[in-house]
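As structure tokens, the structure follows; a few thoughts come after it.
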Amino acid sequence: MSDPSTAALAQAARTAGFAPSIHNTQPWRWRVRGSTLELRAQRDRQLPVTDPEGRMLVISCGTALHHARVALTAEGWAADVERLPDPADPDLMARLNLIGTTPVTPAAMRHLQTMRIRHTDRRPVSGTPVPSDALETLRRVCDAEAARLHILRRDEIVELAAAADLAQRYESMDPTWTEELAYWAGGARTDESRAGGLGIPDDAIPDQPPRTMVPGRDFGHGGALPVGTEHDRSAVYGILYGDDDSPRGWLHGGEALSALWLCAIEHDLTVLPLSAAVEVPHTRQVLKRLLANLGEPYLAVRFGAADPDHAGPPHTPRLPSDQVVEVIDDPAAG
């Protein structure tokens, strides 16, 4: 792999492995061909019960796409991005074509460093209020990724909480859903019941239900992450949304989630995606009403000030890069 552009794309794809995904399924695969990088959905890691339409799979692919874009920019490469470029090949999420070089900025380097420390913390946030100027910055970040962020009022948070609770009760009544969740969540990092590097281990799952305004994911059992007695009264909740309830819109939603998450960390904020209310059609309509029917909800999100006295949970495991990145040295090869 002597071509520097090929090496840069391969490294960007490997760095994109740090991206968040539903239940840490990492449902993507990358192919490097000369100066082109392709992102493909990996359907065998889709959640057929939780996510039959592939909404969360595509959003997850969107976070990986944004991570790859950031990595290329931080290495001084400019790329043109084609999203869903082939209608006959719906699993081809995006194609990135290198078009030259670009100056490396301090902001790009910060984003790259932030990707490596990002993690999901399901515990309550600290009591420090979230600055309004930080929220405005997060809105602008989402706008730049062709998505939007609606910050919920207190009365709207109550509706979100009810919707999230109802959605999880619906899901828990389905034994195939509980079986699917049990496969992807729980156990040790070396759990051999699923492929190594996937899923959410017990040390990233709270040991008891956290006292939060909106219920987080109920994994059906306590994990090994100590929670304490905190309550997230200072948390801010929002809905990430867009105009298009389709794979293109979901892909943009994932890119926006990645962008706002990196930006939030740089403002000393934590981010927790909350997808349960979007997974169930009935409760998804509740979120749409909270948007005054002006957009399609992709995810609910919680923001809060990081607690300096509590270290974050361990990073969830990742697949080895050779399982998700394929480099074809001859661009003409198939």
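The values are calculated or read from the model by the stated rules, or taken from the named source; none is laboratory data. Not measured: the values here are computed from a predicted model. Because the Cβ atoms are built from the backbone with ideal geometry, glycine has one as well, and the counts that use them run over all protein chains shown.
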Legend entry - Exclusive hit being under 17 Å from the mean Cα position of the chain (by Cα) and surrounded by 13 or more Cβ atoms within 10 Å (Cβ to Cβ), set Arg118, Arg123: Arg118
Legend entry - Residues satisfying the stated conditions in region 136-176, i.e. in contact (Cβ under 8 Å) with a residue 24 or more places away in the chain, more than 21 Å from Val214 (Cα to Cα) and in a helix (DSSP H, G or I): Thr137, Val141, Cys142, Ala144, Thr176
Inset, instruction - Name the single residue, out of those in region 305-328 being assigned to a loop (DSSP other than H, G, I, E, B) and within 21 Å of Ala7 (Cβ to Cβ), that is farthest from the chain's Cα centre (by Cα). - result: Pro320
Inset, instruction - Please indicate, with yes or no, whether at least one residue in region 96-103 is farther than 20 Å from Ala8 by Cα, in contact (Cβ under 8 Å) with a residue 40 or more places away in the chain and either part of a helix (DSSP H, G or I) or in the same structural domain as Gly34 (by TED's automatic domain parsing) (or both). - result: no
Legend entry - Whichever residue in region 38-61 is of a type in the set (Val, Ile, Thr) and outside any helix (DSSP H, G or I) and, among such residues, is farthest from Ile22 (Cα to Cα): Val49
Legend entry - Candidate set: region 14-71, residues that are without any contact (Cβ under 8 Å) to a residue 12 or more places away in the chain and closer than 22 Å to Ser172 by Cβ; chosen: the one surrounded by the fewest Cβ atoms within 10 Å (Cβ to Cβ): Pro52
Inset, instruction - Can you confirm whether region 83-98 contains a residue that is at pLDDT 95 or above, surrounded by fewer than 13 Cβ atoms within 10 Å (Cβ to Cβ) and among the charged types (D, E, K, R)? - result: yes
Inset, instruction - Say whether the condition of being within 18 Å of Ile22 (Cβ to Cβ) and hydrophobic (A, V, I, L, M, F, W, C) is met by at least one residue in region 222-238. - result: no
